[in-house]
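First the structure, in the form of structure tokens, and then the observations on it.
The values are calculated or read from the model by the stated rules, or taken from the named source; none is laboratory data. Here the structure is a predicted model, which is why all the values come from computation and not from measurement. We place every Cβ from the backbone using ideal geometry, glycine too, and count neighbours over all the protein chains shown.
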Amino acid sequence: MCLLSLWKNEKRNSISLSLFEHIAQETFPHISRVVLYGMGEPLTHEKFLDLLRIARKYLQPEGTIAFTTNGSLFNNNMIDEVLENNLANEIVFSCDTFEEEEESLGHSMAVTTVRKNLDYLLKHEKRGRIKVGIEIVVMKRNYKSLEKSIQMFCDKKVDFITVSHMYPYKEHVQNETMYTMLTEEALDIFEGSGEKWDELILGVTREKFAESMQLQYRELYKYKDRLVKKERPYSERYNELLSKAKKKNVLLNTSLYLKEKEKLERLRELETIFKKIIQISKKSGVKVFLPDIIPSFKRRECPYQSNNAVVIRSDGEVVPCFKYLYDHPSYLDYHSRESSFFSFGNVKNNSFSEIWNSADFTSFRNKLKDMNKNVPYCGNCSFSTNNCFYVTEGQSDCWGNEPFCSECPYSLNLTKCLL
Ligand code: SF4
Ligand code: SF4
């Protein structure tokens, strides 16, 4: 599940204290929240507590510090240190399962240690100082036990639980995803039409084939004067549905719909589980943040833009979001893509404020303020599932935007970052 598992010989960097302090001095007095995480486990940083101390030193008193952990490297002394010195406001444990017999695709398998550390933190005498959260990645292999896990964490009285979907970095985990990139607006047309879409598409294909054959051989045909215009019922119906979709400002990715038709049943099952989880959350008073399963095109927005957030990498590169931290493969909409690292500058060369206020970064954020107007959406576009050049290259989209945000599950509230 994790990008790091794809790295063979790449050097894994941890931010140096001097660079972190350099960033903290300039930016932390002006921001409300610092979140310490990246690809990998934050507590593997040898001086992690020093990073927290620096963050606290430069943030305004009301500023918050949050970090994630898989919980396996925590110990009682570290927890005491964090709580007694007010070094964090929020700690989020990533746990896909607490069942030892269940197989996890990511996060820590040291279930007993993680459980012990979480319990110690939750029962700490200074517990009131911080919020303790749980982050769960829902997948095909764990969705049936999700309700039970949520109930267990609610019984433990954590402060909040956030559920995210998985970003598929590898081809085989694509089948583990419990969402579709088809939007509810497109699905309304697919399902509301009452059509048998496989028959319809086959019919359209046959008609197109006959039409092109006729065009090709018409001049050679002895009786061409007797040719009558053929009815094209499948094409007419298909065009009618396309126009209906167009009026609603959506495209129809028929290839994706045909591929995911059966998966939709499983997604409806997850919707029912989510409804039960909402009841558990209300009853226990623990906030549970759930992702969408079938996303809304209308609500598409970049979470980084709407939260005024940015990511600074361990070497000082300022990138728009997690997706741009490193080159990596992605497997969305049944095609592969080479997603590339993208930076607007490095704080070792320019001040953060120069980078943040640069014309390019400002124009990029402005575009994201109205994504549906400025950035195309690939999930509803048939070309994406048929290996559109832009989606496989992943550098710029078909409207010329760079970097490529057109097929982003974060903007659809499917995959989530801790912001
Ligand atoms: S980039 Fe390709 S798949 Fe995406 S919307 Fe444009 S044409 Fe469609
Ligand atoms: S890829 Fe998604 S999350 Fe990242 S900047 Fe673009 S829209 Fe925002």
Could you identify the single residue in S255, S314 that is surrounded by 13 or more Cβ atoms within 10 Å (Cβ to Cβ) and in a helix (DSSP H, G or I)? S255
So how many residues does the range 363-387 have that are away from ligand 2 (no atom under 14 Å from the Cβ) and surrounded by fewer than 19 Cβ atoms within 10 Å (Cβ to Cβ)? 4
When you go through (1) farther than 26 Å from V163 by Cα; (2) of a type in the set (D, E, K, R); (3) modelled with pLDDT of 95 or more one by one for E393, which number turns out not to apply? (3)
Being away from ligand 2 (no atom under 13 Å from the Cβ) and in contact with a helix residue (DSSP H, G or I) (Cβ under 6 Å, 6 or more places away or on another chain) is the filter here; which residues of the range 294-311 pass it? I294, S296, F297
Given (1) among the aromatic types (F, W, Y); (2) on the phi > 0 side of the Ramachandran plot; (3) within 15 Å of the chain's Cα centre (by Cα), where does Y331 come up short, assuming only one miss? (2)
Is it true that some residue in the range 330-343 is at pLDDT below 95 and aliphatic (A, V, I, L, M)? yes
Failed condition for Y390, given (1) within 16 Å of ligand 2 (Cβ to nearest atom); (2) in contact with a Ser or Thr (Cβ under 9 Å, 6 or more places away or on another chain); (3) not in a helix (DSSP H, G or I), with all others met? (3)
Taking the range 1-32 as the search range and keeping residues that are charged (D, E, K, R) and free of Cβ contacts under 8 Å to residues at least 40 places away in the same chain, which one is nearest to N175 (Cα to Cα)? K8
In this structure, is F361 part of a helix (DSSP H, G or I) and away from ligand 1 (no atom under 14 Å from the Cβ)? yes
Quick check on the range 58-66. Is at least one of its residues under 24 Å from the mean Cα position of the chain (by Cα) and more than 24 Å from S149 (Cα to Cα)? yes
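Of all residues in the range 109-164 being of a type in the set (D, E) and touching a residue at least 24 places away in the same chain (Cβ under 8 Å), which is farthest from E269 (Cα to Cα)?
D119
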Residue ID - farthest from F20 (Cα to Cα), chosen from residues in the range 346-358 that are in contact (Cβ under 8 Å) with a residue 40 or more places away in the chain and assigned to a helix (DSSP H, G or I): W356
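Of the residues that make up the range 377-384, is at least one away from ligand 1 (no atom under 15 Å from the Cβ), at negative phi and modelled with pLDDT of 95 or more?
No - not one qualifying residue is present in the range 377-384.
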Kindly indicate the residue of the range 213-234 that is closer than 28 Å to E199 by Cα and part of a loop (DSSP other than H, G, I, E, B) and also farthest from the chain's Cα centre (by Cα) among those meeting that condition. L227
Counted residues, the range 321-337 - those being out of contact with any Lys or Arg (no Cβ under 8 Å at 6 or more places or on another chain) and either near ligand 2 (Cβ under 10 Å from one of its atoms) or not in a loop (DSSP other than H, G, I, E, B) (or both): 9
Enumeration of residues in the range 306-320 that are of a type in the set (S, T, Y) and more than 16 Å from L19 (Cα to Cα): S306
